[in-house]
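Everything below concerns the one structure shown next.
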Amino acid sequence: MYSADATSPDLLVQNVLHLPVFAGLTEEDAAALVQGCRGVRYGDGQVLVGQGERSDDLYLLLSGRLRVTCLTPAGDEVVVGVAAPGAVIGEMGLISHAPRSATVRAQGGAVVLRMPGAHFGALINDAHPAAWPLLRAMREQLVERLRAVDERVDAVLEAPTEERSAAYLRANLGELLGESGGGEP
């Protein structure tokens, strides 16, 4: 039976097998996937990863919801998405070795499988059957994000020139005036 309190290896395996993204995975392959991982429960509002932090781990959402936010250049926090069970978190930073591009918080509580980057790399290098569903989930998420960005770009490009210019100035006014470091240009 599915348990939202996944902490033991056996419960983690069952929680992973419950996710549609891992349909068809054997119990043995799911056990290899969770080996070296940790089930972690986050309370409402708790931060999994922070924008700008180092990227070392991958997270698989087992239950609950996660809110994904980014800071604008003006310092405003913007919600860019909500993740549902089966979502993979932290894949962009892990693949690119770049700092986290967003902050991710539990929304009403969540349970995740925290996978060290080295374990993820070993699954890939060994061409382990458990790696393929993870890679498919990552691919689908990245494609969805690209489509969303394309839609936003199209909406901006379709706006009248005056609106585009005003939006650009609002977003970049500090830099244009030489206020990037708080000192004189």
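Structure values in brief
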item: Candidate set from the range 65-94 (those that are aliphatic (A, V, I, L, M), over 23 Å from Gly108 (Cα atoms) and surrounded by 15 or more Cβ atoms within 10 Å (Cβ to Cβ)); member that is modelled with the lowest pLDDT; result: Leu94
item: Residue within the range 106-115 that is out of contact with any Gly (no Cβ under 9 Å at 6 or more places or on another chain) and either closer than 22 Å to Asp10 by Cβ or among the hydrophobic types (A, V, I, L, M, F, W, C) (or both) present; result: no
item: Members of the range 27-54 that are of a type in the set (Gly, Ala, Ser), outside any strand (DSSP E or B) and touching a Ser or Thr at 6+ places or on another chain (Cβ under 8 Å); result: Gly50
item: Unmet requirement for Arg67, which otherwise passes all of (1) part of a loop (DSSP other than H, G, I, E, B); (2) under 30 Å from Leu169 (Cα atoms); (3) of a type in the set (D, E, K, R); result: (1)
item: Lone qualifier among Leu33, Leu61, Leu12 - being within 16 Å of the chain's Cα centre (by Cα) and either surrounded by fewer than 17 Cβ atoms within 10 Å (Cβ to Cβ) or not charged (D, E, K, R) (or both); result: Leu61
item: Candidates Val80, Val111, Val104 - the one that is in a strand (DSSP E or B) and in contact (Cβ under 8 Å) with a residue 60 or more places away in the chain; result: Val111
item: Test: Glu184 is in a helix (DSSP H, G or I), surrounded by fewer than 13 Cβ atoms within 10 Å (Cβ to Cβ) and at pLDDT below 85; result: no
item: Any pair with Cβ under 7 angstrom, 6 or more apart, that starts in the range 40-55 at a residue that is in contact (Cβ under 8 Å) with a residue 12 or more places away in the chain and ends at one that is surrounded by 13 or more Cβ atoms within 10 Å (Cβ to Cβ) and of a type in the set (Ser, Thr, Tyr); result: Val47/Thr103; Leu48/Tyr42; Leu48/Tyr59; Val49/Thr103; Gly50/Thr103; Gln51/Ser101; Gln51/Thr103
item: Filter result for Tyr2 (over 21 Å from Ala148 (Cα atoms), at pLDDT 90 or above and of a type outside the set (Gly, Ala, Ser)); result: no
item: Residue within the range 61-79 that is touching a helix residue (DSSP H, G or I) at 6+ places or on another chain (Cβ under 6 Å) and within 23 Å of Arg136 (Cα to Cα) present; result: yes
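The values are calculated or read from the model by the stated rules, or taken from the named source; none is laboratory data. What you see is a predicted model, and the numbers here were worked out from it, not measured in a lab. Backbone-built Cβ (ideal geometry, glycine too); neighbour counts: all protein chains shown.
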